[in-house]
Amino acid sequence: MALIKCKECGAEVSEHAKKCPHCGAVITVAKSQVKNKRAKSMWIWCVTALIIILGCVIFYLMQSSKTEKDNSDNTTISATKETDSDPIYILSLCYFDSEDGVMEIKKANQLSQSLDELKFQKTSETESEIDFGGDDYTDLRKIRNCTYERGNGQNYIKVKIDGIDTEYDQITNGYIEIVFSDKSLTDAFLSDAEQNHFTKISPNTYQGPKYDTVFWTGADIEADGNTIIIRKRNDGE
């Protein structure tokens, strides 16, 4: 029901009223006046509905974009990111200490923590006991082996760490196996090995520098396809 103004007193009255309830004047309604009132009301309703619809669409698109980003961060690791950062970071953290200029294996807990920060998931963990005492005495230590994986589908990195001495918090036998699903990731890792003072001594073997120290005297990198094995060399080897 539209409202119109009384021509006599100016008060608003219904378009269907025959007389003005305020002054008693006879109400005459022009069709154009009623039509304009209805058109204005219709426009107001249309604009309001359009604003609500646009708001809902924008909100939906923002939520969808956020969900896709979260899923991408959690489940998809791009080949570019892995090639540019991760192999280099893992190699540097595990073996090369630029401050001391000495090839050494970092503490096992630091390695595990760095893998967690790089969104690796621990997929297995086993524990065994080994006697390091020799013939004259007994020195039993618990040794832990772990496997970490990251990525999915055709693009992943798998890190296997064997021989973590939990008592002394170090990698006892220096055996780390890294498996790449993408050959470009393997090549990036080996390229970084050469930049970090490894020397290529055969098509698939890289040898690190040897130092006169009791525990760590260097490391060898052996490559076979997409699998890389980093192995420490003991004194005299």
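Just to check your reading of the model, which residue among I164, I157, I178 is over 14 Å from I90 (Cβ atoms), touching a residue at least 24 places away in the same chain (Cβ under 8 Å) and not in a loop (DSSP other than H, G, I, E, B)? Exactly one residue qualifies, and that residue is I164. Scanning segment 144-171 for residues that are modelled with pLDDT under 80 and open to solvent by 30 Å² or more (accessible area, probe 1.4 Å) yields N152, G153, Q154, T166, E167, Y168, D169, Q170. Test S128 against the criterion of being of a type outside the set (K, R) and either without any contact (Cβ under 8 Å) to a residue 24 or more places away in the chain or exposed (fewer than 13 other Cβ atoms within 10 Å of the Cβ) (or both), and give yes or no. For S128, the condition - of a type outside the set (K, R) and either without any contact (Cβ under 8 Å) to a residue 24 or more places away in the chain or exposed (fewer than 13 other Cβ atoms within 10 Å of the Cβ) (or both) - is met.
Yes or no, residue by residue, for (1) surrounded by fewer than 16 Cβ atoms within 10 Å (Cβ to Cβ); (2) hydrophobic (A, V, I, L, M, F, W, C); (3) modelled with pLDDT of 75 or more:
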{"position": "K183", "(1), (2), (3)": "yes, no, yes"}
{"position": "Q207", "(1), (2), (3)": "no, no, yes"}
{"position": "G218", "(1), (2), (3)": "no, no, no"}
{"position": "T227", "(1), (2), (3)": "yes, no, yes"}
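The values are calculated or read from the model by the stated rules, or taken from the named source; none is laboratory data. The model shown is predicted, which means the values in this text are computed figures rather than measured ones. Counting neighbours? That spans all protein chains shown, and the Cβs are built from the backbone with ideal geometry, glycine included. Side chains included, ligands, DNA and RNA excluded: accessible areas come from the protein's heavy atoms. Shrake-Rupley method; radii C 1.70, N 1.55, O 1.52, S 1.80 Å.
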